[in-house]
1. Those residues that are touching a Gly at 6+ places or on another chain (Cβ under 6 Å) and part of a loop (DSSP other than H, G, I, E, B), I need them from segment 120-142; list them, please.
2. Can you tell me which residue is farthest from ASP157 (Cα to Cα) among those in segment 70-90 that are among the aliphatic types (A, V, I, L, M) and not in a strand (DSSP E or B)?
3. If you check ALA186 against the conditions, is it crowded, with 17+ Cβ neighbours inside 10 Å and modelled with pLDDT of 95 or more?
4. Name every residue in segment 110-125 that is farther than 14 Å from PRO70 by Cα and hydroxyl-bearing (Ser, Thr, Tyr), in order of residue number.
Amino acid sequence: MPITFESENTSDMSYVRVNLPQNKWTIKTPTGDIEQIDMSKGIAIDIKNVVFGWLHIDVGVREFLAWPSPAQPLEKPEGSPHKKGFEVDCWANGREAQFSNNSFGAGQFIAKLYNQVENDPNFATKIPVVQVTTSTPVVVGKGTSYDVGFNVASWIDRPTGGGQPTAQAAASYEAPATPTATAAPATEKKDFGF
């Protein structure tokens, strides 16, 4: 009988994965399937409820130590491989998925998105649907990172009572096509899904 070593996924959660050099956004499902995210439809990101902290990701390892707030970071554990990171709930392809990352480029994307939308009147009760348009290499220190370009295509209703959008509700929403440079301001949608 042959011996095999496989990575076992014991989570019932889907995860957003990003390859910034290729600007490729995918969802890894609980069954291990990889689904491409169609950025012409976008990805809904619950940016109001993003959590920052120390994140260690490696093969078979994911440990997140949440901070009380972005302004109150916990002290980094001594000798730890953790880096500044985040986690946030997202919805695309008709499913909920968690996006967590500790790369500089992904962190800057989340910070830019938050800073762009936090003063929008929709921020308190709605979730932005984001279309990622570009991923441009930038020099950071002695290395290369990526500047993520994006559009807020629309806003969708935030569920009442602190709930989250369901996969069933997500299946009914279709974001508008990628806006052009002269596009009108983002539109509002009542239904949620992709």
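The values are calculated or read from the model by the stated rules, or taken from the named source; none is laboratory data. These numbers were taken from a predicted model, which means no experiment stands behind them. In this analysis, Cβ positions are derived from the backbone assuming ideal geometry, glycine residues included, and neighbour counts consider all displayed protein chains.
1. Result: no residue meets the conditions.
2. Within segment 70-90, the match that is farthest from ASP157 (Cα to Cα) is LEU74.
3. no
4. THR125
Residue by residue, here is whether (1) surrounded by fewer than 19 Cβ atoms within 10 Å (Cβ to Cβ); (2) at pLDDT 95 or above holds:
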| position | (1), (2) |
| --- | --- |
| ILE43 | no, yes |
| GLY60 | yes, no |
| ALA71 | yes, no |
| GLU75 | yes, no |
| GLY94 | yes, no |
| ASN115 | yes, yes |
